Amino acid sequence: MSQGAVIGIIGGHGWMGRALGLSLLEQGIVSAGQLVVSSRSWSGNAYRDWPDVRCVKDNHELVALADVIVLSIRPEDLASVDIEAHDKLVISLLAMASSQEVSSKVGSRRVVRAMPNAAAEIRRAYFPWYASQQVTEADKQLVQALLESCGMARELPTEGDLDYLTALSGAGPAYPALLAQSMLEHARQKGIDDDIALEAVMQTLVGGSLLLEGLGADPGEMVERLISYDGTTAKGLRTMIDGGIHQTIHRGLEAAHRAASGSG
Ligand SMILES: NC(=O)C1=CN([C@@H]2O[C@H](COP(=O)(O)OP(=O)(O)OC[C@H]3O[C@@H](n4cnc5c(N)ncnc54)[C@H](O)[C@@H]3O)[C@@H](O)[C@H]2O)C=CC1
Ligand SMILES: O=C(O)[C@@H]1CCC=N1
């Protein structure tokens with residue numbers, strides 16, 4: 001699947017790096033011998049069940065061993081990465097760093113920018129990616145195979161689209177978490193036992209999401225259907241809509257998009 005390429009993940013013990021590394025191994029996309037990970041400081045070894053994974057401290061060693069380099073560090077740590085990738089394929093998972101910036105920092109014009117989300121941990125990420133001009137068709141096939149180990153991967157036509165999706169899907173798992181937090185707070189205020197409140201919120205949000213996925217239709221259709229039902233749900237929905245929930249969500253997405261585009 002990975003055409004025998006050695007994959008090196010800089011930051012491979014971090015949240016996203018570990019999710020990608022373990023997904024690749026668990027699904028047999030790469031063998032343990034094909035994976036090298038580096039970290040500045042690691043607490044516990046996420047790869048303890050895979051003794052043939054090479055864990056290094058020195059990114060120069062990783063670059064020498066790897067055919068494909070994945071950058072999975074925080075954007076503020078990009079300045080500390082002192083490597084020369086010699087035009088090897090580089091996949092950057094960084095928000096707020098353009099392919100041009102990554103390219104000049106790591107010494108490669110074969111740069112792909114990809115945007116995971118927190119659901120990569122359970123292999124349910126939406127993982128869009130954008131390839132710079134020097135990325136070949138064979139590179140693209142490899143990138144798609146690597147990223148879809150974490151969920152659903154999709155090539156995008158422009159880098160601007162990737163900046164937008166950073167705000168929408170990259171940050172996205174935080175939005176249902178916010179909704180859950182708010183619902184839970186309200187249930188507790190109404191005197192519902194903590195355990196029951198949590199169980200009700202989780203089962204409802206997970207069940208509702210699975211239902212939407214199964215319907216595969218415009219989510220607006222479900223909202224409209226429940227508004228026309230004209231029962232208790234309609235009362236709740238109308239009050240939220242009239243209170244400006246759409247505008248609030250759109251403002252939040254705008255703010256995240258501005259940050260992702262480097263203008264926030
Ligand atoms: N966590 C998330 O939900 C998402 C994160 N991202 C992007 O993924 C990237 C990684 O984020 P996380 O995994 O959440 O961060 P993290 O902080 O969990 O992991 C980063 C890892 O990089 C290591 N590191 C830092 N500098 C290093 C260096 N010079 N050499 C080797 N290792 C180094 C750190 O020790 C740490 O283990 C970020 O750029 C972020 O924008 C994108 C979408 C979602
Ligand atoms: O919050 C962040 O900057 C990263 C990128 C998108 C999700 N997490």
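Rule-based calculations on the coordinates, nothing more; no lab input. Nothing here was measured: the structure is a model prediction, and the numbers come from that model. Note that we place each Cβ from the backbone using ideal geometry, even for glycine, and neighbour counts take in every protein chain shown.
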Loop-only check: which chymotrypsin sites (Phe, Trp or Tyr not before Pro) in the range 1-53 are DSSP coil with at most 10 other Cβ within 10 angstrom? none
So what is the relative contact order for the range 9-74, in percent, with contacts set as C-alpha pairs under 8 Å and at least six apart? 43
Taking 7 Å along the Cα-to-C-beta vector as the label spot, tell me the residue 190-residue 259 distance in nanometres, rounded to one decimal. 3.1
25 Å Cα-Cα reach of residue 88 towards lysines, excluding residues that sit fewer than 8 places from it in its own chain: 57, 105, 140
Rounded to a whole number of µm²/s, how large is the Stokes-Einstein D of the range 7-157 at 10 °C and 1.306 mPa s, given Rh as the Kirkwood radius over C-alpha pairs? 106
Trypsin sites (Lys or Arg not before Pro) lying in DSSP loop within the range 152-250, provided at most 14 other Cβ fall within 10 Å: 190
Work out, step by step, the length gained on full extension between residue 245 and residue 26: first 0.36 nm times the residue separation, then minus their alpha carbon distance; give nm to one decimal. 74.8 nm
Based on DSSP H runs of at least 4 residues, each adding -39500 (n - 2.57), what is the mean residue ellipticity at 222 nm of the chain after dividing by all its residues, to the nearest 500 deg cm²/dmol? -14500 deg cm²/dmol
For residue 200, what is the net charge nearby, where nearby means another residue's Cβ is under 14 Å from its Cβ and Lys, Arg count +1, Asp, Glu -1? -3
Mind checking the alpha-carbon convex hull of the chain and giving the volume per residue in Å³? 157
What is the Cα centroid distance between the range 8-56 and the range 210-264, reported in whole angstrom? 38
Between beta-carbons, use under 11 Å as the cut-off and find the net charge around residue 98, counting Lys and Arg +1, Asp and Glu -1. -1
